[in-house]
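For reference, the structure discussed in these notes is given below.
The values are calculated or read from the model by the stated rules, or taken from the named source; none is laboratory data. Only a predicted model underlies this, so the values are computations on that prediction, with no experimental measurement involved. Cβ placement follows ideal geometry from the backbone for every residue including glycine, while neighbour counts extend to all protein chains displayed.
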Amino acid sequence: MTYDIQNKPSNAEILIAEDSPTQAEKLRYLLEEHGYSVVAVPNGKQALAAARRRKPALIVSDVMMPEMDGYTLCGQIKHDEQLKDIPVILLTSLSDIRDIMKGLECGADNFIRKPYDGEYLLSRISYLLMNLALRKNQKMQMGMEIYLGGQKHFITAERQQILDLLISIYEDAIRLNNELHARQVELAHSNHLLNGLYRIAEGLNQAVTEREVCEKALEYAMELPGLQAGWLYLENNNTFRLAAARVAPSTLSAMNTTDGVCECQRRFLAGELAQVTTIVGCKQLMEPGADASKSTSHASVPLRIRNRNRGILNLMGTQQDPFKENELEMFYGIGHQVSIALERAWLHEKMEHLVAQRTAALTTEISLRKEYETRIVRLNRIYSVLSGINTTIVRVREIQELFDDACRIAVDHGRFVFGWIGRFDAHTGNVTPMAQAGRDDGYLSQLSLDNVIESPGNSSLIAQALTQAQPAICNDLTDKRMHASHAAALEQGYHSMVVLPLTLDAQVIGMFALYAPETGFFDEEEMRLLIEMAGDISFAMDHLKKEERINYLAFFDAVTDLPNRALFLDRVDQRIRTGEHNHEVLSVIILDLERFSSINESLGHQAGDSLLRQLAQRLRQLLAETDILAHLSGDHFAIATSHEGESTTIAHVLDTVLLEIQNQPFLIGGQELHVSARAGTSSYPGDGRDTDTLLRHAETALKRAKLSGDRHLFYAPEFNARITEKLKLETKLRQALEQEQLVLHYQPKVNLKTGQISGLEALMRWRDPEIGLIPPLSFIPLLEETRMILEAGRWALGKAISDYRKWQAMGLNPPKIAVNVSPIQLRQNDFVEMVASVVEAAKDVEIGLEFEITESVIMQDIEANIQKLRRIREMNIEVAIDDFGTGYSSLSYIAKLPVNVLKIDRAFIINMGTNHDDFTIVSTIISLAHSLNLKVIAEGVETHEQASLLRALNCDDMQGYLFSPGVTSDKVEEFLRQKKTLSTPPRQ
């Protein structure tokens, strides 16, 4: 379709409203190139302002824009008395009919769908500008009622406007129709091509003689699109004969003489026609006196039969241009089919010839004919197997899939009754079945496949094939000499079998066993194709193995089999992403072996590689399963490990790794070799929030360690100092446990009604000989981090029982003692057994004990903890939930917990007199506890006002500085002797 875009007003100004800068610039360039003055704005709002200011000759607007879309802009223009005569063209990618209705309703003069044709757009602009005067004179409005989508639309517009829109829609429909027609032509061409190929295959399958094959091949080839002529040569002893021709040039009649050898025949005889070749300027096709400049070309397709070329199929197109590559590939496929059909025809003709020669021996002739027919079928069958397996080789990416498909194809296409593939382990002599297809019925499970070389049992053919690396055949399993070895096969109806070895790098690594239902199945020709099939499978295994190795080396080190730098970065990135919310620290350690280059130079690279492999193995054994270990390069290893905050765990990991490297020699070439290493460490998130930064900072720390002579350093100097200080504190704390520097203080609990002491809470303190009394927050977290809390907790329980027995012996009637239980203690599987052993040491004296466990600790493993606490309750030990209200316990679980006491956290007690919310929470907790028959203790009571409020809320007991802080056992003894009570506040 062409458009007249020449006649247009010169220098007409066009306003463009387009939010896409790219589209706007493209449209500006198109219009300015054709002499228009262009103003572009990014949205409808600015376009309306520009239109009122500049009065353009025409407006081109996109529909979908921010602030004001194209429909709204058009409607504003058409309702403005000064602007309403300006033509408006709407551009949109929308194609619904409702969009056209919107264009009519808003008064658009034209409606063009994206992507638009530039010439068409210019023609519409030119048309609207040329008819502008006519449109100004034609003020007659038209109205029409349209029923669309279940709604009525009444459109009022100028007749010319409606006509323009209808023309626009009509032209767009023509363009779409042309595109659809082009697609239909392409589809018809493809259908024509497929139908032609199918007809060729069908015709060749029906052809029996050589002539029928040649004639059918050319007859149906001429039905393919783009071909006008074809002819087929067959060669014998360097002599060609024209076997068939279709619409061939008359000059081909001279081709039977040796003087007229054409270019395709010359190349054939010279061995240069191995693939489909385009022959350009063939002189034999030119008529006498024809113009030599008008070269003629044709495609020559070699007909290859039994690994040699036996003829040429020539095809000439309707065009002078050479054939395309895809057309040559299609011709190759046709030539392959013709080759197989010719071989089948020659076999058939030879069979008929033999039948004709031996008419006197009719029975022999019939048998021979059947033999050849069977051979043709078998050839087709095995070729089908080879073709199927070769297709599989190209497609599959895993060895198991290759094995599965090979067995399936052998049974489905090769008509074997059973086939299986096994892997052979040369070290153990065992064969492991990997894939199978066909009728098994338990046969495979009866074979002796363990140590098959030494003890073949009923797998003698398998042993023979694996040992000799040659196919092992038995064409008659019914032979009495073979009966003992193959009785199981005979039971399944197998009468012939072959075992084909599968090799990789000249080593037998497996076997492919095939079974047939008749005797004498595996003849020489069958075996030749089956050996080729086994070779193809072996080649595919080698290819997949190398591909797997290449993929492996992309992420793992070839010497140590550890992750390389790329995989290490990826895994640390994943650890950072998944661990962002668990508040753990991720430390990256880089290890550097000292004097490694000297080891390589003096002992050789083989010794260096052996050292790296041994070190990698040793590091695997030292590190936890969750740690990430990698070999970055030469003598550099990297470790990523998670730990809690600024714990000493990372320092212990470093000490363990470095001492293990230094203290344990490596055995290299029969000699012990002592090496040492240095390390640098950085931690997420303090030293960096991405892997590259952490690795770079760890390398910086390693360089500092080398310069300073330290075994290891952290990237942040202050982190080094803090870790060193914590390690010193840990050493002192271990000494404190050994030298019994820990002591117990007791804070009394008071009954709010009577004011008498109702219980004691045991509080652990550390009396350091140099510093004095150390508060619990300075050492309890470190006890838990180093798990020394297990020993300290056992000691505290025993000490509390000892003090209780002492006071009891004095006749002081001591109250229950509450002992705090650490989360570390409760998580131990033998926690209950530990408590039982300590309590039993008190012999037959009844001890008043209570365990205080924080709410959050109990909820960590609620089901397991419920079982443990029930067993504790069976020992007559009460259980209190400490810091109640600060955790996330479920009310349904509170009712199930075997507890006696709820302790309200001091955070709610401090402000309960001034904060209504805290007062409400305390009141609710007390009511809840009493409804569950639980005792309530308020912690952190420091004023008489707080005590009075708690008493008014029926709280049972209180604990806090109002009565007493934590005191020594001697002070408790004094309280009990004096029967100290809570004093009442003075009256105001």
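Per-residue answers, yes or no, for (1) in contact with a Gly (Cβ under 6 Å, 6 or more places away or on another chain); (2) surrounded by fewer than 16 Cβ atoms within 10 Å (Cβ to Cβ); (3) not assigned by TED's automatic domain parsing to the domain that holds Ile174:
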{"residue": "Ala49", "(1), (2), (3)": "no, yes, no"}
{"residue": "Met68", "(1), (2), (3)": "yes, no, no"}
{"residue": "Lys78", "(1), (2), (3)": "yes, no, no"}
{"residue": "Asp99", "(1), (2), (3)": "no, no, no"}
{"residue": "Cys106", "(1), (2), (3)": "yes, no, no"}
{"residue": "Asn110", "(1), (2), (3)": "no, no, no"}
{"residue": "Tyr116", "(1), (2), (3)": "no, no, no"}
{"residue": "Tyr120", "(1), (2), (3)": "no, no, no"}
{"residue": "Tyr127", "(1), (2), (3)": "no, no, no"}
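To keep it simple, each residue is scored yes or no on (1) of a type in the set (Gly, Ala, Ser); (2) outside the structural domain of Gly688 (by TED's automatic domain parsing); (3) in a helix (DSSP H, G or I).
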| residue | (1), (2), (3) |
| --- | --- |
| Val572 | no, yes, yes |
| Arg613 | no, no, yes |
| Leu619 | no, no, yes |
| Ala624 | yes, no, no |
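Whether any residue in the stretch 653-669 is among the aliphatic types (A, V, I, L, M), part of a strand (DSSP E or B) and exposed (fewer than 14 other Cβ atoms within 10 Å of the Cβ) is what I want to check.
Checked against the condition, which is being among the aliphatic types (A, V, I, L, M), part of a strand (DSSP E or B) and exposed (fewer than 14 other Cβ atoms within 10 Å of the Cβ), the stretch 653-669 yields at least one hit.
Return the pairs, sorted by first residue and then second, in which the second residue is assigned to a loop (DSSP other than H, G, I, E, B) and crowded, with 16+ Cβ neighbours inside 10 Å, the first residue lies in the stretch 785-814 and is among the β-branched types (Val, Ile, Thr), the beta carbons are less than 8 Å apart, and the residues are 6+ apart or on different chains.
Thr786/Thr648; Ile789/Ser822; Ile801/Ile847
Tell me which residues, restricted to the stretch 513-538, are free of Cβ contacts under 8 Å to residues at least 60 places away in the same chain and part of a helix (DSSP H, G or I).
Glu524, Met527, Arg528, Gly535, Ser538
Residue by residue through the stretch 447-463, note down the ones that are within 44 Å of the chain's Cα centre (by Cα) and surrounded by fewer than 18 Cβ atoms within 10 Å (Cβ to Cβ).
Listed by number, the residues that qualify are Ser448, Asp450, Asn451, Ile453.
Residues Leu121, Leu163, Leu128, Leu94: which one is in a helix (DSSP H, G or I) and either on the phi > 0 side of the Ramachandran plot or at pLDDT below 80 (or both)?
After ruling out the rest, the residue left standing is Leu163.
Pick out the one residue from Lys114, Lys26, Lys55 that is farther than 28 Å from Ile174 by Cα and among the basic types (Lys, Arg).
Criteria check complete, one pass: Lys55.
Of the numbered conditions (1) without any contact (Cβ under 8 Å) to a residue 24 or more places away in the chain; (2) outside any loop (DSSP other than H, G, I, E, B); (3) of a type outside the set (Ser, Thr, Tyr), Val498 fails exactly one; give the number of that condition.
Of the numbered conditions (1) without any contact (Cβ under 8 Å) to a residue 24 or more places away in the chain; (2) outside any loop (DSSP other than H, G, I, E, B); (3) of a type outside the set (Ser, Thr, Tyr), the odd one out for Val498 is (1).
Could you check Gln320 against (1) touching a Ser or Thr at 6+ places or on another chain (Cβ under 9 Å); (2) surrounded by 16 or more Cβ atoms within 10 Å (Cβ to Cβ); (3) not aliphatic (A, V, I, L, M) and say which number it fails?
(2)
Filter the stretch 280-308 for residues that are modelled with pLDDT of 80 or more and not aliphatic (A, V, I, L, M); which is surrounded by the fewest Cβ atoms within 10 Å (Cβ to Cβ)?
By that ranking, first place goes to Arg304.
Considering every residue within the stretch 437-446, establish whether at least one is in a strand (DSSP E or B), buried (at least 16 other Cβ atoms within 10 Å of the Cβ), in contact with a strand residue (DSSP E or B) (Cβ under 7 Å, 6 or more places away or on another chain) and not hydroxyl-bearing (Ser, Thr, Tyr).
yes
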